[in-house]
Structure formats: structure tokens, C-alpha cells
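Notes to accompany the following structure.
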Amino acid sequence: MQTCMINIDHLVKRYGNKYAVNDISFKVGEGEIVGFLGPNGAGKSTTMNILTGYLSYTSGTVEVGGLDIIDHAFEVKKMIGYLPEQPPLYSDMTVEDYLNFVYDLKKCTFNRKKHIMEICEVVRIADVYKRLIGNLSKGYRQRVGIAQALVGNPKILVLDEPTIGLDPRQIVEVRNLIRTLGLDHTIILSTHILSEVQAVCDRVIIINRGKLVADKRTEDIATAVEGNRRLNAKICGPQKEVLSLLRAQPGVTSVEAIGQHDADSITYLIESEAGVDIRKPLFSILAKNNYPIIGLEAVGAGLEDVFLSLVDAKEPTTKARKKTVRKRSSAGGV
Ligand code: ADP
């Protein structure tokens, strides 16, 4: 069985009457990459700061590697490498000076030079080793931030918004790096970027207003929300007639023309009741009327839909859903 690295049980953090974290429980197994997702003010930083020993808590228990984080604060700190949202970098130090400084702060006892050079190779900063941190690009600075978290060989990495402010190429590089680090670390990564979770994480934990609202494997998250089925159908024929045929189908709850990509076909977004598969009757009725279907694609509930519905505690607005659908259909080639 997978070893439990982090065990948070009924964690509560209160400021006066206000609950920043309100009875959160979850476990993280060895080698997992878990995305910690939630809107601003949800309680992500509070939870991470508690886990990394920077903040006390009101009640509950937090164990890291089987050790209580209060009773074994020193051992626990050695097990965790932390990259805060604002990496603690000194712009007037060189990368070399800075990593040696962190090595001393963490009271490491490895072969100093070998340990630091290994980290520089992994995070690919060896080429800027002698340069001032203040003169590095944001992407390099972020990697130096990850390097400091790796000093001391912690088993667990806690990364707060690790790609914020990076350009698209740097984002890809840092995500690749996180995946590589995930091969031999347990990682908790906080982010508000939903696609980041899909790109990097095995599992996603969503919190809202201090409460845990979802904890699922990334590939299963779409099933967190039961809802109507949606299809994008590209159909040849006059829009008015096609629309009225589609709308007359039993089980269809709404139809909307969402785009015309060539002269004789139009793409429609068709929504039907949960549990009703309208594809076969749709094919028959359109064939009978000589309106060929030249493209058909199911539109699954993406992480964005799930996130919106969970954090809003209600179904996403029609506008938000349509925006997502359009974005996906243009990429999906309906
Ligand atoms: P997130 O990181 O998800 O944006 P936070 O953990 O920073 O959320 O904050 C959770 C809630 O706790 C917010 O409503 C925030 O205003 C509140 N909070 C955080 N720190 C304090 C504090 N020192 N005093 C009072 N309220 C706080």
C-alpha cells in the first residue's frame, strides 16, 4: 500500500469568528502530485502555511511522514521544501551564494558542492550559477526558487502558484520540471489555473470558503458534476428548419446555432436531459429530411465547468458554459 505522507484531519483555523479553514481532511500518498485549487480567499495559503509550519491552527491534527507537525516541528520541516508565492530570493546575491546560504540555513550535512550542483542540473540553472539573481529572467528566478526548496533533499514539495507571472514557454518548462520532480517527490501545488492541474496533477483537491468541496483523481473530476449531456453537431441544411427539427426531438432541452465554418453547414450546440442519448434518433430524423450530419462531438464537463459549479454551489451560468463550449469546439474541429 502507498505510504501516507501527509495526513490532515479535521483541520480548523479561525481568526476571531471567521473560519479561514473549516474542518478540512485529506491524505496525500507518497509520490502523488496533488493540485490544490480554489478561488481567492478559499483557504489555500492558510492550509499550506500550516502544513509548512509557518502558521498555528485552531484544532485538528496535521501529520507529515507519520509525525505530528507540532510535536516534531524540526523533523517535519526537514521533510518539506516550500516555494512560497513570492520566492524568498535575494537579488544582490549570485545563484551560487544564495544556494550556499540556504544550505547553511537548513543545516545540511551532505557533500555541499555535489548536492548543490546536482540540484542545479535538475532544475537547469547550472549556466547561470555565477550570475546575480537580480539579473535573471522571471523563469530562471522561479527555477532558483524551486532549487532552494530542493536543498536538503526533502521528500515533499509544497509549491504555491509556481507558474504565476511566467510566459508560456517558461510555464511549459516549469510544468515539465514539476512532473520530473514528481517522479521522486510528493508534491502539493496550489494554483488557480485549472489547465495546470490537468497538465501536471494526478489528483485535485478543490476548496471553497474554507471547506473541501471535491477530492478526486484528475481524470475523474468531470464526473463530480452530474448534468445535462451536450453535443456539438455540424449539420448541412437551412438553419431554421434544422433548428425546429432538433428542438422537436424528445429529450432535447435546448439547441443553439453556434457557428458557421463553411457555406452549407452550421454547428449547433444541443443539450439533452441527463441519461438521454439522442445521437441515434438525431441521425435518423436528419437523414430522413436529407440534412446530413458531417460532424458530431460530445462536449464533456471540463474542469472549468466542475470548478465553477462547485465553488458557486450552483450550476454554472449559461454564459460561462457557452464560452467554455465555444473555446473547446474551436480546438476540437467539429
Ligand atoms: P487563499 O490562499 O485561498 O486565497 P487564504 O488562505 O489566504 O486564501 O485566506 C482564507 C481566508 O482567511 C480569507 O477569507 C482571508 O481573508 C482570511 N485570512 C487570512 N489571513 C487572515 C488573518 N491574518 N486575519 C484574518 N483573516 C485572515
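So for the range 134-253: antiparallel DSSP bridges make up what percent, rounded to the nearest 5?
55
Report the full-extension gain for the segment HIS192 to ASN100: residue separation times 0.36 nm, less the Cα-Cα distance, to one decimal in nm.
Result for the pair: 29.9 nm of gain on full extension.
Mind running the shape call on the range 82-183? Use the C-alpha gyration tensor, a ≥ b ≥ c as the square roots of the eigenvalues: rounded below 1.5 for a/c, prolate if a/b tops b/c, oblate otherwise.
The shape class here is oblate.
Going highest first, how would you order 210-219, 67-76 by mean Cβ packing within 10 Å?
Final packing ranking: 210-219, 67-76.
Quick check: the angle from helix 138-150's long axis to the longest principal axis of the chain, C-alpha only, nearest 10 degrees?
60
Counting only residues 5 or more places away or on other chains, whose amide H sits under 5 Å from the amide H of SER190 once H atoms are built in the peptide plane?
Close amide H contacts, sequence-distant or interchain: PHE36, LEU159, ASP160, GLU161.
Taking LYS18 as the anchor, which aspartates and glutamates have their alpha carbon closer than 20 Å to its alpha carbon, excluding any fewer than eight residues away along the same chain?
ASP9, ASP312
Which of LYS13/LYS77; LYS44/LYS107; LYS27/LYS77; LYS114/LYS155; LYS77/LYS113; LYS106/LYS155 have a Cα-Cα distance over 26 Å?
Exceeds cut-off: LYS44/LYS107.
Which of the trypsin sites (Lys or Arg not before Pro) found in the range 1-101 are in a DSSP loop and have at most 15 neighbouring Cβ atoms, other than their own, within 10 Å?
none
For the chain, rounded, prolate or oblate, judged on the Cα gyration tensor with a ≥ b ≥ c (square roots of eigenvalues), a/c < 1.5 rounded, else prolate if a/b > b/c?
Prolate shape, in that a/c is at least 1.5 and a/b is the bigger ratio.
Of all DSSP beta bridges located in the chain, what percent are antiparallel, nearest 5?
70
Values quoted throughout were computed directly from the atomic coordinates according to the rules given, and no laboratory measurement underlies them. All of these numbers come straight from a predicted model, not from anything done at the bench. Counting neighbours? That spans all protein chains shown, and the Cβs are built from the backbone with ideal geometry, glycine included.
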